[in-house]
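This report refers to the structure that appears directly beneath it.
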Amino acid sequence: MVMDFNRRTVFLGLGWLSTAGLFLGVSGGTGAIGAVAADAYKTITWDDLIDEQWAKSMQAEMMAIGRLGFLKDGTEAADRAMAKLRQKWDEAPVVDRFNGQKVRIPGYVVPLDASRDPKRAFLLVPYFGACIHTPPPPANQIILVQPKSDSRIKAVPESMATVWIEGLLEVGRTTTSQGVTGYVVQADAVRPYTGQPGG
């Protein structure tokens, strides 16, 4: 589903910037969909995947756009401003600190198709509704999850299910039907997430 990238996006984006650490300090996650020893993976957060300087510059830019109250959605000026912002989000710089490392991160599932294959690729995003009910977050906040052929993943994660993924993180920009990703994880396991986000 394609969402309009309008002034509402600015406010959603400001909310994203203020809650990008939604999963900071999260622990838990029981009942494996694919079983691999969790201690083999470094637990990271969505904040770990954001370039700090870029986030500061984007926050300032989005607040400036948000102050342009005279721009009505659908006008040429508003469309230009939003297209410029969308391009910056799609080109968001990635952080290579964890490139090539085995990581564990929680998030929400965004299917790329209607397949029921448990080895299907999907997106992982940091907040509910991203890419489906709201426009995609910046590329550095979207992970393309590709289950490995030898993984023991047996169940298909449902749309917007909250899961832990475990696998090898690689920097890799990919354009999908649901948004531009900045990272790829070759997943060994997808585990149901239990507990309260941010808890």
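Derived scalar couplings between HN and Hα for the stretch 145-151 equal 9, 10, x, 5, 4, 9, 6 Hz in order, rounded to whole Hz, by the Karplus curve 6.51 cos²θ - 1.76 cosθ + 1.60 (θ = phi - 60°), x for Gly and Pro. Note down the net charge around Lys148, summing +1 for each Lys or Arg and -1 for each Asp or Glu among other residues with Cβ under 13 Å from its Cβ. Charge balance near Lys148 sits at 0.
As a rough footprinting exposure proxy, the listed residues Asp79, Asp150 were ranked by other beta carbons within 10 Å of their own, and the order from fewest upward is Asp150, Asp79.
What FRET efficiency comes out for the pair Asp48/Glu76, r = Cβ-Cβ distance, R0 = 35 Å, nearest 0.05?
So the FRET efficiency works out to roughly 0.35.
Normalising the Debye intensity of the stretch 70-199 to I(0), with uniform scatterers on Cα atoms only, and taking log10 at q = 0.14 Å⁻¹ returns -0.63. Bridging of Lys42 to lysines at a Cα separation below 27 Å is possible for Lys56, Lys102, Lys119, Lys148, Lys154, once same-chain residues fewer than 8 apart are set aside. Protection proxy ranking for 134-145, 49-60, using the average of other Cβ atoms within 10 Å per residue and placing the highest first: 134-145, 49-60.
Read-outs: derived from the displayed coordinates by stated rules, not from any lab. Note that the structure is predicted; figures quoted are calculated from it, not measured. Cβ atoms come from the backbone with ideal geometry, glycine included; neighbour counts cover every protein chain shown.
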